[in-house]
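See structure below.
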Amino acid sequence: MKRKDTVKLISADEMEFVIDKDAAMVSQTIRNMLTSPGGFAETELGEVTFPEISAVILEKICQYFYWALQYSR
Amino acid sequence: MSNQKKRNFQIEAFKHRVVVDPKYAEKTWSILEHAIHEIYNHNASGLSFEELYRNAYNMVLHKFGEKLYSGLVATMTAHLKEISKSIEAAQGDLFLEELNRKWNDHNKALQMIRDILMYMDRTYIPNTHKTPVHELGLNLWRDNVIHSSKIQSRLLSMLLELVHRERTGEVIDRGLMRNIIKMLMDLGSSVYQEDFEKPFLEVSAEFYMGESQKFIECCDCGDYLKKAELRLNEEIERVTHYLDVKSEVKITNVVEKEMIANHMMRLVHMENSGLVNMLLDDKYEDLGRMYNLFRRVPNGLSTIRDVMTSHLREIGKQLVTDAEKLRDPVEFVQRLLDEKDKYDSIISQAFSNDKTFQNALNSSFEYFINLNNRSPEFISLYVDDKLRKGLKGVSEEDVEIILDKVMMLFRYLQEKDVFEKYYKQHLAKRLLSGKTVSDDAERSLIVKLKTECGYQFTSKLEGMFTDMKTSQDTMQGFYASHPELTDGPTLVVQVLTTGSWPTQPSITCNLPAEMSALCEKFRSYYLGTHTGRRLSWQTNMGTADIKATFGKGQKHELNVSTYQMCVLMLFNNADRLSYKEVEQATGIPASDLKRCLQSMACVKGKNVLRKEPMSKDIGEDDAFFVNDKFTSKFYKVKIGTVVAQKESEPEKQETRQRVEEDRKPQIEAAIVRIMKSRRVLDHNNIIAEVTKQLQSRFLANPTEIKKRIESLIERDFLERDNNDRKLYRYLA
């Protein structure tokens with residue numbers, strides 16, 4: 001297991017993408033999901049399911065996250 | 001873009017198309033509604049954020065945002081009504097705690113709901129200009145809970161009661177208070193102000209009004225001020241702990257108004273402990289406290305200032321017109337200096353060097369010092385006393401300090417030229433009798449006067465010093481050129497320039513033979529080096545040291561004035577002399593001679609002469625003998641030195657007249673100076689200008705100025721304008 005905080009993003013076809021929490025936080029929605037005060041399922045397990053997003057798209061999204069972290073200041 | 005060719009393929013619509021199904025909206029909404037219920041019941045862990053978010057997103061996307069929004073409002077309102085019922089049910093003290101808890105819950109739930117409905121918040125709401133979710137939640141809370149009839153009044157009364165309890169000394173739960181107040185603030189500043197702050201301020205005002213009434217009846221001024229300060233600090237602390245920062249100003253205003261402003265006059269004039277007593281007793285702490293507290297209210301400081309000024313003027317007037325004190329000028333001036341020191345330290349310690357108070361102090365001093373028109377004379381006498389003996393053994397810095405203080409008093413004088421006249425007289429006496437303690441001190445005082453009043457003031461004084469120095473050199477030259485005189489009586493001559501020294505009528509007397517020969521030699525020597533000058537001997541200002549042997553062989557060295565020396569030398573040739581004989585032989589004027597003889601014959605311990613009859617007064621027929629039985633503990637005996645004294649009435653009148661005379665040309669010079677530059681000026685302006693110019697020397701009298709103007713017109717320096725009687729024109 002990686003030491004840094006990570007989250008798991010699961011696509012519609014059951015592909016799991018493990019990315020850093022910082023990368024995931026680029027998205028406001030995911031950020032809200034994970035930092036919501038309420039005890040939603042996501043915060044407890046540390047994984048988010050996207051039943052409507054396919055794996056290919058989710059992969060691109062993850063790549064975008066990392067690009068955003070690196071280049072946009 | 002227009003299709004030229006028919007496409008081979010069609011771009012298919014999204015496979016994942018949501019069914020536009022009226023029931024779809026209902027379904028989705030029920031899912032969300034259920035979720036909201038769960039959230040409010042703290043059951044959110046079973047839910048999937050993503051799913052809810054997706055549902056909300058879809059609803060908005062398919063134009064069901066309206067339904068979502070209204071549904072949200074309805075659900076939240078229902079929940080809140082339930083919550084408010086449960087809060088109402090809480091008893092007594094638990095009320096606030098219950099409210100607090102429910103508020104926290106509501107906030108958390110609101111946060112979660114907002115997160116889920118983020119998409120709606122971002123798109124639907126700005127488009128339709130509805131209130132965002134978070135704000136909506138707060139508003140609903142406010143309307144249903146806080147403003148619900150039962151809760152509102154209860155909440156307010158509980159809060160006020162807690163504050164009251166704390167004011168009376170109990171300890172309350174500050175954390176709870178802070179949270180509740182914060183809740184009110186979060187709901188909007190108007191809520192906070194309307195629901196809490198305004199009633200709070202009113203209740204506080206009442207409370208402090210009552211308390212201040214109670215205190216002022218039973219406490220004295222110092223205690224009351226202590227209590228007021230305590231309460232003020234308490235309120236400030238309260239604000240920092242659990243109230244809104246903006247309330248600090250308002251509540252402090254209330255306290256200040258009730259406790260201080262309303263009772264200001266009463267406090268200041270309180271008997272036995274009011275401002276005046278504090279000033280008299282040097283109560284620095286109390287004064288400092290009064291200053292700090294009164295500074296917060298309008299007109300507070302000016303009240304203190306006014307009372308202090310009037311008190312100071314009272315005291316000053318008493319001091320200055322008290323006949324007792326006037327007998328000893330040194331004492332008088334010392335008391336003035338003491339008062340000044342006392343008030344300076346009060347202002348610096350208690351009033352933190354406030355400039356306005358300094359100004360008030362200065363103006364009061366100026367006022368009452370000038371009430372007594374002998375003040376310039378007395379100040380000069382004080383300086384004289386200090387320079388003669390008071391400064392012996394005092395270190396240089398202390399000398400400077402004392403002289404600076406005297407300068408301060410000098411600045412308050414309005415008639416500085418009177419001071420100048422007296423100072424010149426006293427300085428002359430000091431220099432000629434060689435009685436000044438420290439030459440440096442004299443010079444430093446002159447420098448101070450010069451910086452204060454300009455070169456003109458001190459030029460003559462400096463001339464006097466120069467004369468003394470020159471005389472020393474002259475004497476050295478004289479004895480160097482006449483070596484045969486070293487065996488005879490030693491002559492020390494001070495050559496004085498007539499202009500610099502105070503004018504005295506020069507009365508000569510008949511010097512004994514040994515002396516007159518010597519004097520003639522000196523005169524010829526001096527006129528040899530300085531032709532064209534005229535010398536006249538001022539015998540009334542000289543001193544002499546003579547060795548005397550009395551009947552039983554006691555030898556003494558007597559330090560006497562020149563007149564007395566002449567008289568005593570006569571007894572070298574005769575044993576008995578009558579008054580008439582003495583008068584004839586010496587040629588000394590009667591009054592001076594009488595004083596001389598009195599000091600030598602009638603004063604105990606210094607009676608080198610014996611008088612018959614042994615009366616205090618000198619009559620025409622009295623006879624004088626050398627007192628063979630004269631004894632003294634010391635070898636050197638000082639008799640009748642010329643001391644600077646307080647002037648007697650006729651002398652005082654004379655000096656004042658001379659001062660008036662001196663002022664006339666000064667006024668005229670000022671008028672001419674002004675007219676020369678202005679050419680044409682009207683009457684009032686002339687008077688104003690002249691007064692301003694002469695301010696540094698004396699206070700000019702308008703009638704005097706008018707007289708001078710008339711005199712100048714007569715002498716054709718000015719003329720009246722033909723058309724306007726008030727206008728004057730300068731004639732070149």
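The values are calculated or read from the model by the stated rules, or taken from the named source; none is laboratory data. Not measured: the values here are computed from a predicted model. Neighbour counts run over all protein chains shown; Cβ positions are idealised from the backbone, glycine included. For the accessible areas, the whole protein counts, side chains as well, though only heavy atoms, and no ligand, DNA or RNA atoms are used. Shrake-Rupley method; radii C 1.70, N 1.55, O 1.52, S 1.80 Å.
Things worth noting here:
- Selection of first residues in segment B:439-456 that are outside any helix (DSSP H, G or I) and of second residues that are at pLDDT below 85, restricted to Cβ pairs under 9 Å at least 6 apart or on distinct chains, gives the following pairs, ordered by first then second residue: B:Gly454/B:Ser696.
- No other residue among B:Arg167, B:Arg174 is exposed (fewer than 14 other Cβ atoms within 10 Å of the Cβ), within 30 Å of B:Tyr208 (Cα to Cα), in contact with a helix residue (DSSP H, G or I) (Cβ under 8 Å, 6 or more places away or on another chain) and away from every other protein chain (no Cβ under 14 Å) apart from B:Arg174.
- Helices (runs of 4 or more DSSP H) contained in segment B:38-141 and holding at least 3 residues within 14 Å of another protein chain (Cβ to nearest Cβ), polar (S, T, N, Q) and open to solvent by 20 Å² or more (accessible area, probe 1.4 Å): B:94-116
- Any hit, segment B:308-328, residues being touching a residue at least 24 places away in the same chain (Cβ under 8 Å), under 20 Å from B:Gln358 (Cα atoms) and either among the hydroxyl-bearing types (Ser, Thr, Tyr) or not assigned by the TED database to the domain that holds B:Asn370 (or both): yes
- Every residue from segment B:635-644 that is in contact with a helix residue (DSSP H, G or I) (Cβ under 8 Å, 6 or more places away or on another chain) and either at pLDDT 85 or above or not β-branched (Val, Ile, Thr) (or both): B:Gly640, B:Ala644
- Yes/no for A:Tyr71 being at pLDDT 90 or above, more than 9 Å from chain B (Cβ to nearest Cβ) and out of contact with any Cys (no Cβ under 6 Å at 6 or more places or on another chain): no
- Here B:Thr458 fulfils each of the conditions (1) surrounded by 15 or more Cβ atoms within 10 Å (Cβ to Cβ); (2) farther than 26 Å from B:Gln657 by Cβ; (3) of a type in the set (Ser, Thr, Tyr); (4) at pLDDT below 85 apart from (2).
- Scan of segment B:209-234 for residues that are under 33 Å from the mean Cα position of the chain (by Cα) and under 14 Å from B:Val254 (Cβ atoms), ordered by number: B:Ser212, B:Ala228, B:Arg231, B:Leu232, B:Glu234
- Residue pairs whose Cβ atoms lie under 6 Å apart, separated by 6 or more positions or on different chains, with the first residue in segment B:606-627 and under 17 Å from B:Gln584 (Cβ atoms) and touching a residue at least 40 places away in the same chain (Cβ under 8 Å) and the second crowded, with 19+ Cβ neighbours inside 10 Å and among the hydroxyl-bearing types (Ser, Thr, Tyr), are B:Glu620/B:Tyr579; B:Asp622/B:Tyr579.
- So B:Glu661, is it open to solvent by 90 Å² or more (accessible area, probe 1.4 Å), at pLDDT 80 or above and among the acidic types (Asp, Glu): yes
Results for (1) β-branched (Val, Ile, Thr); (2) in a strand (DSSP E or B); (3) touching a strand residue (DSSP E or B) at 6+ places or on another chain (Cβ under 7 Å); (4) surrounded by 13 or more Cβ atoms within 10 Å (Cβ to Cβ), shown as yes or no for each residue.
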{"residue": "B:Leu496", "(1), (2), (3), (4)": "no, no, no, yes"}
{"residue": "B:Leu527", "(1), (2), (3), (4)": "no, no, no, yes"}
{"residue": "B:Arg533", "(1), (2), (3), (4)": "no, no, no, no"}
{"residue": "B:Ala548", "(1), (2), (3), (4)": "no, yes, yes, yes"}
{"residue": "B:Lys552", "(1), (2), (3), (4)": "no, no, no, no"}
{"residue": "B:Val567", "(1), (2), (3), (4)": "yes, no, no, yes"}
{"residue": "B:Leu577", "(1), (2), (3), (4)": "no, yes, yes, yes"}
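- Residue that is surrounded by fewer than 16 Cβ atoms within 10 Å (Cβ to Cβ) and more than 25 Å from B:Glu217 (Cβ to Cβ), where the choices are B:Asp244, B:Asp341, B:Asp281: B:Asp341
- Any hit, segment B:350-367, residues being in contact with a helix residue (DSSP H, G or I) (Cβ under 9 Å, 6 or more places away or on another chain), buried (at least 21 other Cβ atoms within 10 Å of the Cβ) and more than 20 Å from B:Asn277 (Cβ to Cβ): yes
- Of residues in segment B:394-421 being in contact with a Pro (Cβ under 6 Å, 6 or more places away or on another chain) and in contact (Cβ under 8 Å) with a residue 60 or more places away in the chain, the one surrounded by the most Cβ atoms within 10 Å (Cβ to Cβ): B:Val418
- Test: residue in segment B:185-204 that is surrounded by 18 or more Cβ atoms within 10 Å (Cβ to Cβ), outside the structural domain of B:Asp115 (by the TED database) and part of a loop (DSSP other than H, G, I, E, B): yes
- Within segment B:358-403, the set of residues being of a type in the set (A, V, I, L, M, F, W, C) and more than 25 Å from B:Leu699 (Cα to Cα) comprises B:Leu387, B:Leu391, B:Val394, B:Val399, B:Ile401, B:Ile402.
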